[in-house]
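Enquirer: First the structure, which I've put down as structure tokens, then a few questions once you've had a look.
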Amino acid sequence: MRKIIPWLLLVTLLCAGCGKAREGEALQTHYAAVTCAELTADVTCHLPEETRSFTVACTYDAGGDSSVVITAPAELAGVTATVSGEDLTLSYGELTLAAGSLTDLCVANCLPWLLKAAASGYVLEEGRETLDGRDCLRLALDTTAPAGDKVVISAWFDAGTQEPVYGEFTMADQLVLTAEITSFRAETAPAED
């Protein structure tokens, strides 16, 4: 009996982290099934000399185009960016401008990028944290920008609803963008039998 107890303790310690790994996998499975979503967020660009903040509304389609409409500041309200693959189009009213290939991380693509990373990004870290009084699952997700640069997204998801709460986007070890998600609604594909 004395020889069995150390082995049982070892097995218990080894399995202690098993539940946490399943949380991240379950979250990624959930986001892989998201077909479309609508979300709003306060996005801040962290530039070397200053920060710039925007309020945006995003319509995400997992299989097609995603669009982001700036709602604040007032000077830019109504400017719409449509992301189709790696192409970016800007529009305001009836004016449309093909902005070319989207090769970097920006306000126009960060929310769709967050949702894609939640579905298929490589998990570097996983843990539980309280953020603004909410129990959250935090994942650090490794992704790649269209230009080939590494982008790490640290994302916090409500532990109960799996809704995104906050994201930090880092390139070359520099914080580039932060996004505080203020509303979220998603539709998922029916589960396969």
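The values are calculated or read from the model by the stated rules, or taken from the named source; none is laboratory data. Please read all numbers here as calculations on a predicted model, not as lab measurements. Neighbour counts are summed over all protein chains in view; Cβ atoms, including those assigned to glycine, are modelled from backbone coordinates with ideal geometry.
Enquirer: Could you give every pair whose Cβ atoms fall below 8 Å, whose first residue belongs to region 149-165 and is in contact (Cβ under 8 Å) with a residue 12 or more places away in the chain, and whose second residue is assigned to a loop (DSSP other than H, G, I, E, B) and acidic (Asp, Glu), counting only separations of at least 6 or pairs across chains?
Expert: Qualifying pairs under 8 Å: 149/104; 157/163; 165/132.
Enquirer: Consider residue 188 carefully, then state whether it is at pLDDT below 95, surrounded by 13 or more Cβ atoms within 10 Å (Cβ to Cβ) and among the hydroxyl-bearing types (Ser, Thr, Tyr).
Expert: Considered against the rule, which asks whether it is at pLDDT below 95, surrounded by 13 or more Cβ atoms within 10 Å (Cβ to Cβ) and among the hydroxyl-bearing types (Ser, Thr, Tyr), residue 188 comes out as yes.
Enquirer: Report, by residue number, each residue of region 155-189 that is hydrophobic (A, V, I, L, M, F, W, C) and under 17 Å from residue 42 (Cα atoms).
Expert: Matches in region 155-189: 155, 156, 157, 165, 169, 175, 176, 177, 179, 181, 184.
Enquirer: A follow-up question, please. Out of the residues in region 48-63 meeting the condition of being in a loop (DSSP other than H, G, I, E, B) and under 17 Å from the mean Cα position of the chain (by Cα), tell me which one is modelled with the highest pLDDT. Let's see the steps before the verdict.
Expert: To start, the set of residues in region 48-63 that are in a loop (DSSP other than H, G, I, E, B) comprises 48-50, 62-63.
Filter once more, keeping what is under 17 Å from the mean Cα position of the chain (by Cα): 62-63.
On the way: 62: 93, 63: 89.
Checking each candidate, the answer is 62.
Enquirer: Can you go through 99, 81 and tell me which one is modelled with pLDDT under 85, in contact with a strand residue (DSSP E or B) (Cβ under 7 Å, 6 or more places away or on another chain) and either assigned to a loop (DSSP other than H, G, I, E, B) or not basic (Lys, Arg) (or both)? If you could, list the steps in order and put the result at the bottom.
Expert: Numbers: 81 fails: modelled with pLDDT under 85.
On inspection, the qualifying residue turns out to be 99.
Enquirer: Looking at region 145-193, which of its residues are assigned to a loop (DSSP other than H, G, I, E, B) and under 14 Å from residue 134 (Cα atoms)?
Expert: At the first step, the residues of region 145-193 found to be assigned to a loop (DSSP other than H, G, I, E, B) are 145-149, 159-163, 172-173, 189-193.
Residues satisfying the conditions are 159, 160, 161, 162, 163.
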